[in-house]
Amino acid sequence: MEMHIVSMATVTGTLLRRCSRLSAAAAPLSTSARALGGGGLPTVVERHGNRMVIGYGFNGEPNYIDRVDYPIPAVRFKEDNAQIKVLREKERGDWKKLTKEEVQELYRATFCRSFAEMQAPTGEWKLVLGGTMLACSIAVWIYLFMKVFVYEKLPDTITNPEKVEAQVQRMIDLRMNPVQGIASEWDYEKGQWKN
Amino acid sequence: MIRNAFSRALVAGRAGFLQVAPQSASVAGCRHMSKVAESDEQLTARYVQYFESKDIDHWWLSKHINDLAGTDAVPEPDIIKACLHACRRLNDIAMAVRFMEIVHFKCGNRVKEIYPYVLQEVGPTLNELGIPTPEELGMDKPQLALEDVYDM
């Protein structure tokens, strides 16, 4: 979900870096042949272009990623163009002379999204809720289809009231479920239902 | 040497891999194997010292800010001031504004209590250096929208 550009050999590169006995100061940020001084992986494109490397980032690769737990990425977001270079010269002087728009320009040159934008709600919950309800309604429609077109009629042992009464009478005569069930609802002394 | 180490690590499996890792990961002198309990004052003093070093560069500034964010606490005003001065030495106002956003974020759900106190303590430094707070820039609300990669 974040905008990031990942070096092609991220995983293998990290593996190789741990295996090789390079000290921390000498460990370069990418695994290209050029960066590792001739050895290393062949033909890995330096994907960060002209963008200035400002740090280690979250995994040691020169990528840009907006993360609230690693707030300063490894590279600046934008390459320096002429307009930004002018602002950078101005940045060397007194910061009070920078207008708010210029500060925002400089910020956007280094960072893609501000914290507010990173954490802004996406509204994804509406998609999820809507999709779930749609699926449930399809299930209900399928059940209705089955009821109308697939299932046979209920047998007359259920639909015919005389037959149902006969069955209940048999349950009472047999004292079925006398503790909490149907026979417990019948008053045997008076010969009627308890209330 | 790299190829041999690679094949050795694969053969030795996960245990070998873990053995190799600490030896080459000796960064910033922190000990991975022993528990060192550090008090808040020691941590504050350490980070103030980091940010106050005269020859700080972008790499160390990023690293210390990321580590500070990793402690997942609101930094002391002393650390904030030292960091803002370090950004000034490096002529990077974007980092300063980002750092203030980080401080605001670390306040969590008690931002209404903590952030005004932070601004009160750090305000003079912000005015002295000419750094606008994210609120003044309008960055406390989202300004630009980024299309989700899954929607492209």
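The values are calculated or read from the model by the stated rules, or taken from the named source; none is laboratory data. Please read all numbers here as calculations on a predicted model, not as lab measurements. Please note: Cβ atoms are built from the backbone with ideal geometry, for glycine as well, and neighbour counts cover all protein chains shown.
Brief remarks on what is shown
- For residue A:1, the conditions (1) assigned to a loop (DSSP other than H, G, I, E, B); (2) within 10 Å of chain B (Cβ to nearest Cβ); (3) modelled with pLDDT of 65 or more all hold with the exception of (3).
- Residue in the range A:120-136 that is touching a residue at least 40 places away in the same chain (Cβ under 8 Å) and either surrounded by 17 or more Cβ atoms within 10 Å (Cβ to Cβ) or under 28 Å from the mean Cα position of the chain (by Cα) (or both) present: no
- Residue tally, condition of a type in the set (A, V, I, L, M), assigned to a helix (DSSP H, G or I) and either over 14 Å from residue B:125 (Cα atoms) or in contact with a strand residue (DSSP E or B) (Cβ under 9 Å, 6 or more places away or on another chain) (or both), over the range B:84-104: 4
- Among the residues listed as B:80, B:65, the single one being buried (at least 22 other Cβ atoms within 10 Å of the Cβ) and within 13 Å of chain A (Cβ to nearest Cβ): B:65
- Answer residue from the range A:28-63, given it is modelled with pLDDT under 70 and hydroxyl-bearing (Ser, Thr, Tyr) and is surrounded by the most Cβ atoms within 10 Å (Cβ to Cβ) among those: A:30
- Scanning the range B:40-62 for residues that are of a type outside the set (Phe, Trp, Tyr), surrounded by fewer than 16 Cβ atoms within 10 Å (Cβ to Cβ) and within 12 Å of chain A (Cβ to nearest Cβ) gives a single hit, B:57.
- Some residue of the range A:60-67 being within 30 Å of the chain's Cα centre (by Cα), under 18 Å from residue A:109 (Cα atoms) and either free of Cβ contacts under 8 Å to residues at least 24 places away in the same chain or within 10 Å of another protein chain (Cβ to nearest Cβ) (or both): yes
- Among the candidates B:152, B:100, B:139, the residue that is surrounded by 15 or more Cβ atoms within 10 Å (Cβ to Cβ) and either more than 19 Å from the chain's Cα centre (by Cα) or within 9 Å of another protein chain (Cβ to nearest Cβ) (or both) is uniquely B:139.
- The residues of the range A:62-100 that are in a helix (DSSP H, G or I) and out of contact with any Leu (no Cβ under 9 Å at 6 or more places or on another chain), listed by number, are A:82, A:83, A:85, A:86, A:89, A:92, A:97.
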